[in-house]
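Quick notes on the structure that follows.
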Amino acid sequence: MGSDFKAIPLIDIGPLVEKIDDPGMAGDEGLLGVIRMLDDACKDAGFFYVKGHGIPESLLTEVRDVTRKFFHLPHEEKLKIKMTPQSGYRGYQRVGENVTKGKPDMHEAIDCYTPIEPGKYGALAKPMEGSNLWPDHPPNFDALLENYISLLRDLSRKIMRGIALALGAPLDAFEGGTAGDPFWVLRLIGYPVSADIPQEQRTDTGCGAHTDYGLLTLVNQDDDVCALEVRNLSGEWIYAKPVPGTFVCNIGDMLKVWSNGIYQPTLHRVVNNSPRYRVSVAFFYESNFDAAVEPVEFCREKTGGVAKYEKVVYGEHLVQKVLTNFVM
């Protein structure tokens, strides 16, 4: 729905992380309190911070540090894992190669996706088949990130269980055919200082205004650079100021469709006007790659009885975006 929020809510999800998988805790007051806060945040802002998530702050810092070390390597070293159509759009892209609404974004990144074996989804996933390209340097990059991905997958599953309850759905509504085998995307992103980008290449945004494609995004951002902005209903851009030890979470397009618009994703962008290089690691928790997502009946009943959105096959939605997102 959206609102004229002036700040992004902070939710301590400790009770949810601890109790959401325990059937005996369904009526727990602490858990119910978190679910109410998730509902309010998803309706009002589409964004929220989470603390009490159980992932050590030291790991969040280590992931950002290893990402920064990679981006500070010589250009030739980074190009060893260059993204190409042949790599399934996985790997490194230079500043300006990612495009939002036709405009080059002032960031460099490594894109990683759930590995897709050839033929697994037929023609649907053909452009994205393959495995991720991990750099040789810094050492242990792949082991660190694969552990991190595993932890965030489980955390996202738990948050989505809370969101299911917030909507009045069964606990496992996003499992099975919707997101029982969730596709994930990891983007490791570096935003250079504007003055370090050649004048002829420079635009005014690190990442243009957009919504995310899937169900839920968890962002691990630098503690000392304020650059992520979220647009409220009046069109004001509100800073998602760094809160150490938290993830910034936001909901995506697939949740909008599934909930028939009860929860709406919020436009956001990145503008790095600081004198520091900024690192952000975004984890996107999606539906099953081949899931056909459509407004579910009980959400339609809550919103006038009519489906506001057509059925969307998540993989088609993603592939369409990926094929138009890059200039290589």
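When Glu18, Glu62, Glu108 are compared by accessible surface with a 1.4 Å probe, the order from highest to lowest is Glu18, Glu62, Glu108.
Here the 3J(HN,Hα) profile of region 137-143, calculated from phi with Karplus coefficients 6.51, -1.76 and 1.60 at θ = phi - 60°, is 10, x, x, 6, 4, 5, 5 Hz, Gly and Pro shown as x. Counted by Cβ distance under 13 Å from Asp28, the other residues give a net charge of -2, where Lys and Arg count +1 and Asp and Glu count -1.
Sequentially through region 294-307, phi angles give Karplus couplings (6.51, -1.76, 1.60; θ = phi - 60°) of 8, x, 7, 4, 5, 6, 4, 4, 6, 10, x, x, 10, 5 Hz, Gly and Pro residues having no value and appearing as x. Using the 1.4 Å probe convention, the accessible area of the chain works out to 42 Å² per residue with neighbouring protein chains retained.
I'd like the orientation of helix 29-44 relative to the chain: the angle between its Cα long axis and the longest Cα principal axis, in ° from 0 to 90, rounded to 10. The helix 29-44 is inclined about 60 degrees to the chain.
If you wrap the tightest convex hull around every Cα atom of region 1-110 and split its volume per residue, you get 185 Å³.
Ordered by 1.4 Å accessible area with all protein chains kept, Phe284, Phe183 run largest first as Phe284, Phe183.
With all protein chains in place and a 1.4 Å probe, the accessible surface of the chain carries 51 percent carbon and sulfur.
Computed with every protein chain present, the accessible area of Leu151 is close to 70 Å² [probe 1.4 Å]. Here the translational diffusion coefficient of the chain follows from Stokes-Einstein with Rh set to the Kirkwood radius across Cα pairs; for 10 °C and 1.306 mPa s it amounts to 79 µm²/s. Counting each pair of different Cα atoms once, what's the Kirkwood radius of region 99-161 in Å, rounded to one decimal? Hydrodynamic radius (Kirkwood, Cα only) of region 99-161 equals 14.6 Å. In the chain, the calculated helix contribution to ellipticity at 222 nm averages -8500 deg cm²/dmol per residue, counting -39,500 (n - 2.57) for every DSSP H run with n ≥ 4.
Between the helical axis of 57-71 and the dominant principal axis of the chain, each derived from Cα atoms, what acute angle in degrees is found, rounded to the nearest 10? Roughly 30 degrees, rounded to the nearest 10. Protein-only accessible surface at a 1.4 angstrom probe places the residues Leu228, Leu73 in the order Leu73, Leu228, largest first. Write down the percent of antiparallel bridges among all DSSP beta bridges whose residues are both part of the chain, to the nearest 5. Within the chain, antiparallel bridges account for around 90 percent of the total.
The values are calculated or read from the model by the stated rules, or taken from the named source; none is laboratory data. This structure is a prediction, so every number in the text was calculated from the model and none was measured. Because the Cβ atoms are built from the backbone with ideal geometry, glycine has one as well, and the counts that use them run over all protein chains shown. With ligands, DNA and RNA removed, areas are computed over all heavy atoms of the protein, side chains included. Shrake-Rupley method; radii C 1.70, N 1.55, O 1.52, S 1.80 Å.
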